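Report on one structure; see the data block that follows.
The values are calculated or read from the model by the stated rules, or taken from the named source; none is laboratory data. All values reported here derive from a predicted model rather than from experimental measurement. Cβ atoms come from the backbone with ideal geometry, glycine included; neighbour counts cover every protein chain shown. These area figures cover heavy atoms from the full protein model, side chains too; ligands, DNA and RNA do not enter into them. Shrake-Rupley method; radii C 1.70, N 1.55, O 1.52, S 1.80 Å.
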Amino acid sequence: MPDSLIAASEEIVRKADYDRYLAALFATQALRRQLITLYAFNYELAKTAESVSQPIAGQIRLQWWRDRIAELYGGADLDHRLANALGEIIAEHDLPRELFDELIDARENDLEEAPFDDMASLETYADATSGNLMRLAARILDAGAGLDQDAGRLGIAYGLTGLCRALPYQAARRHLILPRDRVAELRISIEDLFSGKADPGLSILIAELAQNARTHFHAGAGKRVSRKILPALLPGALVPLYLRGLTRPGFDPFRDPADVPVHRRQLAMLRAMIRSRI
């Protein structure tokens, strides 16, 4: 894996996905490089919707990656540095192809203005994106299939929390990431939402999403995990910190910051490493 690719990937992940970058620092150097490569690939998928002006262009870009993954599993040597680096990791750890395929397929939701009919479809998306990414990271750290369930639940918790935190940004893009059935039932004005105006119904829905995230977090956390494997799960350690801010009284996602200071995130991950559990 070329040093120049690693340096470029580290810079991308550090800027675009700092929580996972921070978590990867707790892995050994060789495995850290592999995690960073995986996260750089995830960023390439995640930025698709923001990089195109028409959904069809995004679909073409995702299909390009779908085809490259198929070629990698066929043993091809590609003329693409990131794809080849990913292929080396896939071969070394025998990573399941379906996790990549589901991750790419789920990203097509990002190209739709309102992709989620209900809470179940939103959680399915969080599982296929954040959940599968955490499953793949755990397998890179040699967890095998035994940690897939817990990694998935923690990934869903982190994904749902991230969607809540991203609400102002997505609303500004006129992208509705909330379940449409609850938006209708709570009489949340989509136009007000896209204009950055919160109402009581939105607070109720954020609280529901936060509770679902907590449920998944508690289902996946609490078990002792090898410190070699734990860096794959460390983003999950931040879920309680983020949810505390999102559910504080009077919280307005368009007015109040939903972030957590870096030093508190670092301490949460360090505490998890010391305890050998999320």
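List of remarks:
- Residue match in the stretch 218-229 (condition: out of contact with any Ser or Thr (no Cβ under 7 Å at 6 or more places or on another chain), in a helix (DSSP H, G or I) and among the polar types (S, T, N, Q)): no
For (1) surrounded by 15 or more Cβ atoms within 10 Å (Cβ to Cβ); (2) under 24 Å from residue 173 (Cβ atoms), each residue gets a yes or a no:
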residue	(1), (2)
56	no, yes
98	no, no
108	yes, yes
130	yes, yes
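- A count restricted to the stretch 132-151 and to residues that are open to solvent by less than 30 Å² (accessible area, probe 1.4 Å) and within 22 Å of residue 40 (Cβ to Cβ) stands at 10.
- Selection status of residue 181, more than 27 Å from residue 149 (Cα to Cα) and not in a helix (DSSP H, G or I): no
- Residues in the stretch 261-272 that are surrounded by fewer than 17 Cβ atoms within 10 Å (Cβ to Cβ) and either hydrophobic (A, V, I, L, M, F, W, C) or in contact with a His (Cβ under 8 Å, 6 or more places away or on another chain) (or both): 262, 267, 270.
- The residues in the stretch 152-176 that are open to solvent by less than 10 Å² (accessible area, probe 1.4 Å) and outside any helix (DSSP H, G or I) can be counted, and the count is 1.
- Test: residue in the stretch 194-217 that is surrounded by fewer than 20 Cβ atoms within 10 Å (Cβ to Cβ), among the acidic types (Asp, Glu) and under 15 Å from residue 254 (Cα atoms): yes
- So residue 181, is it more than 24 Å from the chain's Cα centre (by Cα) and either over 25 Å from residue 260 (Cα atoms) or open to solvent by less than 20 Å² (accessible area, probe 1.4 Å) (or both): no
So that you can scan it fast, the table gives a plain yes or no per residue for (1) surrounded by fewer than 20 Cβ atoms within 10 Å (Cβ to Cβ); (2) part of a helix (DSSP H, G or I); (3) of a type in the set (Val, Ile, Thr); (4) at pLDDT 95 or above:
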{"residue": "4", "(1), (2), (3), (4)": "yes, yes, no, no"}
{"residue": "9", "(1), (2), (3), (4)": "no, yes, no, no"}
{"residue": "20", "(1), (2), (3), (4)": "no, yes, no, yes"}
{"residue": "26", "(1), (2), (3), (4)": "yes, no, no, yes"}
{"residue": "35", "(1), (2), (3), (4)": "no, yes, no, yes"}
{"residue": "41", "(1), (2), (3), (4)": "no, yes, no, yes"}
{"residue": "50", "(1), (2), (3), (4)": "yes, yes, no, no"}
{"residue": "59", "(1), (2), (3), (4)": "yes, yes, no, yes"}
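- Cβ-Cβ under 7 Å pairs, at least 6 apart or on other chains, the stretch 5-28 side of a type outside the set (S, T, N, Q), far side outside any helix (DSSP H, G or I) and surrounded by 16 or more Cβ atoms within 10 Å (Cβ to Cβ): 27/141
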